[in-house]
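Nothing in this text is a laboratory measurement; each read-out follows from the coordinates by a stated rule. The structure displayed is predicted, hence computed values, not measured ones. Cβ sites come from the backbone with ideal geometry, for glycine too, and all protein chains shown count toward neighbours.
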Amino acid sequence: MIERRSTTMLSRVADSLYWMSRYLERAEHTARLIDVDFHLRLDQSPEAGSGRWLRLLEASQAPPPEDGKIDAAALTNILTLDKTNPSSIISCVAAARENLRQVREQCSTEMWEQLNRLYLQINGTTSSEAWLLHSYVFFRAVQEGAHLFQGVTDSTMSHGEGWQYIQLGRYVERTDALARLIGTQLSSVPYSLDQSGEGEEYLEWVGLLKSCAAFEAYCKKYTAELRPLWVAEFLLLNPEFPHSVRFSVDMVHAALRAIAELTERKAEQPVRLAGRLRATLSFSQIDEIMASGAHAYVDSIRQQCGQAHTAIHQIYFDYPVESALVS
Amino acid sequence: MPDPARSLFRPPFRNYQFDTAYDEMFEAPGVPRSHYKALFQTLLGLPPEEMRKSQQAADLSFLHQGITFTVYGNEEGTERVFPNDLLPRIIPNQEWRKIENGLTQRIAALNLFLEDVYHRGRILIDGVVPRELVHSCRHFRREMRGITIPRGIYVSICGTDLVRLPDGSFAVLEDNLRVPSGVSYMLANRKVLKKVFPRLFRDYGVSPVDHYAQALLATLRALSPPSSTSRHEPTVVLLTPGVFNSAYFEHTFLAQQMGIELVEGRDLLVHDNVVYMRTTAGLKRVDVIYRRVDDDFIDPLTFRRDSGLGVPGLFNAYRAGNVVLANAIGTGIADDKALYAYVPKIIRYYLGEDPILQNVETYLLTDRSQRDYVLDHIGELVIKAVGESGGYGMLIGPHSSTEQQEEFRQLILAEPRNYIAQPTLNLSRAPCFLEGEAQARHIDLRPYILYGENVTLVPGGLTRVALRRGSLVVNSSQGGGSKDTWVLRA
């Protein structure tokens, strides 16, 4: 008797889809951070701006310049077009494309063409004064390119196992990036929880929200009154907003459950880790978090996210032979 | 009706040139062959600007689709778009039928030859092919002796290079029996041409080629080991050396079109002489491997130890009959350029028939008198290394310098078995759209032959173009391009 071909997915392919998605998410995140900074800087004193630049470098895990001096041009170059910086936008998009190129036959033609086009567009960009002046066009293009890729992916690829690894990569990366960004801000910008900030301080919180694409969504829920406590609550615990930590962890958990079901593998470890993180976030109260130390809380989220990543790797991508003879 | 002799000088044919080569489009200056008339008329009526736009759109579409190849030995050395020319090459049905019969005959004979050489060796005992020639071939695989493979088919995927000589007849230039590539360009060219000349295409009645992937899958399934068919539908995979291989685009394309997994060596493992692939759901058994990795690199335990592309233990699984490789290992002896000279004899020996397609005259340099002749006439001949492909390791006498000739003279004297010589062929020429007008360029033709349940040829193939003016080298690595090939239905 001949049985129908069941869908299989190579471990290497799953690994590539996962990383492709992580890199693209990282590129989009960095592009948004710099874009927001560019516009914020116009309203700020130079001192306030340079403090944020160092935080920006830290949040994107880029090396600070050797001479310690930093200006807008240097910062933009390091984070965008510098091929020697593995977390620059150009490096991330190239890495995403390289990963997808290795599994081209697994994605739809439209997906490949969209990512390839984005890569060719960015790769042809050279830094110049004129470019710097209008660099926001570039950052918009990166964000739009990434959004377009996500849309094309969702509407042209089967929402099967491969798609789930793309989801997983995106939201693991997002959880980590959001937690890092929020942590850096809470530990370096002075604030009082219940008062809405003014002047420079107000701008810093607007900056944080915008860096998470969250300003408008925040205003809808809390009005335009910016209280650090509410901002933290929205970005950490909101279940509906796609750039909140809670939402991202929910998506990680959902993708892991779907994958465990599709592969019929006993994968308790990653699902359990993500489930626990999800439970923590859904039962947390923001005032408790702030009272017991927001920075530690955010650090623990990042740590658990890292554990889930390791568990995924060990179960699906790189497992010992004897554990896995199926047919 | 415009005067044909005068229309020759109208754009885009204003500067079109003729020489002694066979011209695919014109039977005499200004007089198109009957099957080219419609294309000729269309081109006369087409503003060059429009052609240029179509060409740009096509180039961009190739770049966006990532239809690229990798050039080796070049520092920049990464992806390049394979240039596509928009003017189709048209082959009348009657001519195609002869090509088809000739190639079917040839693949049948070469498979019988391989089976014989790796078993009893009758043809060697009978002295038709010298034993020395076979055993000194770099691609002869001692390990294959006595191994029985499904259906006795060693070469199931073949790409044979044909050229058209000045008298209009086709000749076989070389057989590619190991891992021939280029079929994806044939399919991509067709897709583009259908967009550029939709009406012309329909009116011409062109035979379709789009079913190639399906035919390839059927061929591979037909080879599956007997043990697998009772168990389940055979699992077929395509083994690629990886993303840095020059034909990587093609590997992904074919795997996707066939709906099979594209695997690298690291995705496979052998356990108890059975091949598995590593999937997210655990290990899955593999029955047929369409391998695009050379013999040398396929199994570091049996062949080259430094290979990181292969699968340790694969050869043992193969020998045990638990997995099928297509093409089989050791097929390279039959496309050795020195053995090529014996193919007409091989066809007569196994099939008792005369070859339908002629060979090109070939000088064997192990023979003293032939070698002396070649060394005296090195400036007129083409010298080729017997085991190379892709236009590497080759001297074109008339286009070479004295230093290059001297270098090859020394190479030949050091290792005569390693080289052959052929007359410099005047390949046929066809119009190509270059620099905004039609220019004549030399071309060849590589049809693809599949051999599983039976022999299948998709009507058409890859017409390769030597894009540099006057050049006779059509290989993509040496500045070649390609164009769509239209085989007419009637």
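In whole angstrom, note down how far apart the Cα centers of the range A:21-65 and the range A:154-227 are. So the two Cα centres are separated by 14 Å. Screening chain B for DSSP H helices whose Cα atoms reach 24 Å or more along their own axis and whose mean Kyte hydropathy is at least -0.5 gives B:93-117.
The relative contact order of the range A:217-282, computed from alpha carbon pairs under 8 Å that lie at least 6 residues apart in sequence, is 25 percent.
The calculated FRET efficiency for the pair A:Leu120 and B:Arg409, based on their C-beta separation and a Förster distance of 56 Å, comes to about 0.75.
Look at where the Cα atoms of the range B:77-127 and of the range B:349-379 average out, and the two centres are 18 Å apart.
Using only alpha carbon pairs under 8 Å that are at least six residues apart, calculate the relative contact order of the range A:158-319 and give it in whole percent.
30 percent
When both bridge partners sit in the protein assembly as shown, DSSP labels roughly 70% of those beta bridges antiparallel. Membrane-span-like helices in chain A, defined here as complete DSSP H runs extending at least 24 Å along the helix axis by their C-alpha atoms with mean Kyte-Doolittle hydropathy no lower than -0.5, are A:11-41, A:135-156, A:161-188, A:245-263, A:294-312; this is a sequence and geometry rule, not a statement about a membrane.
Averaging 1/r across all pairs of distinct Cα atoms in the range A:80-121 and inverting the result yields a Kirkwood radius of 10.6 Å. The fraction of all Cα pairs in the range B:104-152 landing in successive 10 Å bins from 0 to the largest distance is 23, 57, 19, given as whole percents. For the range A:8-157, the relative contact order is 33 percent, taking Cα pairs closer than 8 Å that sit 6 or more residues apart in sequence and dividing their mean separation by the residue count.
Rg and Dmax over the alpha-carbon atoms of the range B:210-315 stand at 13.6, 40 Å. Ignoring lysines fewer than eight residues from A:Lys210 along the same chain, the ones with Cα atoms less than 17 angstrom from its Cα are A:Lys220, A:Lys221. Taking Cα atoms of the range A:136-197, Rg/Rh with Kirkwood Rh, to two decimals? A ratio of 1.17.
Overall dimensions of the range A:158-319, expressed as equivalent-ellipsoid semi-axes from the Cα gyration tensor (√(5λ), whole Å, largest first), are 32, 15, 12. Between B:His232 and B:Glu435, the simple spin-label model (points 7 angstrom out along Cα→Cβ) gives 5.9 nm. Residues B:Cys432, A:Cys212 in ascending order of nearby Cβ atoms (within 10 Å, fewest first): B:Cys432, A:Cys212.
With 20 Å bins beginning at zero, the pair-distance distribution over Cα atoms of chain A amounts to 31, 57, 12, 1 %.
Two numbers describe the Cα atoms of chain B: Rg and Dmax, which are 23.1, 75 Å. Once the Cβ-Cβ distance of B:Asn475 and A:Glu58 is raised to the sixth power relative to R0 = 60 Å, the FRET efficiency obtained is 0.70. Could you run the Debye sum over the Cα atoms of the protein assembly as shown, one equal point scatterer each and no solvent, and tell me log10 of I(q)/I(0) at q = 0.09 Å⁻¹, two decimals? Listed by q, the Debye log ratios stand at -0.97. Ranked by how many other Cβ atoms sit within 10 Å of their own Cβ, fewest first, the residues B:Val286, B:Val192 fall in the order B:Val192, B:Val286.
In the P(r) worked out for the range A:8-157, what percent of Cα pairs fall beyond 29 Å?
In whole percent, the share of Cα-Cα pairs in the range A:8-157 beyond 29 Å is 21.
The distance between label points at B:Ser401 and A:His159 comes to 6.5 nm (points 7 Å beyond Cα on the Cα→Cβ vector). For the pair B:Asn273 and B:Leu44, the difference between a 0.36 nm per residue extended length and the Cα-Cα distance amounts to 76.1 nm.
For the residue pairs B:Lys345/B:Lys384; B:Lys98/B:Lys483; B:Lys98/B:Lys345; B:Lys194/B:Lys337; B:Lys53/B:Lys194; B:Lys37/B:Lys194, the C-alpha atoms sit more than 27 angstrom apart in B:Lys194/B:Lys337. By other beta-carbon atoms within 10 Å, ranking B:Lys53, A:Lys210 with the fewest at the front produces B:Lys53, A:Lys210.
Quick one: work out the % antiparallel among DSSP beta bridges in the range B:204-329, nearest 5.
On the way: 8 of 18 bridges.
If we restrict to bridges inside the range B:204-329, about 45 percent are antiparallel.
To the nearest 0.05, what FRET efficiency results for A:His134 and B:Arg52 with a Förster distance of 30 Å applied to their C-beta separation? Provide the component values of the computation, followed by the final result.
Details: r = 31 Å, r/R0 = 1.04.
The pair A:His134/B:Arg52 has a calculated efficiency of 0.45.
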